[in-house]
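Each remark here refers to the structure printed beneath this line.
Read-outs: derived from the displayed coordinates by stated rules, not from any lab. From a predicted model like this one, the values you see are computed outputs, not experimental measurements.
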Amino acid sequence: MLKSSTFDFNLGALKENPDMRLTPTQDQLDEIIKNAMEITLVIYAEEEEIARYDLSN
């Protein structure tokens, strides 16, 4: 049985910045890397989906 997980995050700044969210935590990045072989990249602009890419191998 395949396990399905969803990770949602916004790329952002490394330091506090009023104009941008912070980057994902190291734990979040580690989980993403662990599951990187089966991933779909979804890009949003102003809460509207503008692109979707299947990056699975």
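Taking amide hydrogens as placed 1.01 Å from N in the peptide plane, the amide H of Leu22 sits under 5 Å from those of Ala13, each at least 5 positions away in sequence or on another chain. A simple rule links phi to the HN-Hα coupling: the Karplus curve 6.51 cos²θ - 1.76 cosθ + 1.60 with θ = phi - 60°, which for the stretch 18-31 gives x, 9, 8, 5, 6, 5, x, 5, 4, 4, 5, 5, 4, 5 Hz, with x for Gly and Pro.
Taking each residue as 0.36 nm, the span from Gln26 to Thr40 lengthens on full extension beyond its C-alpha to C-alpha distance by 3.0 nm.
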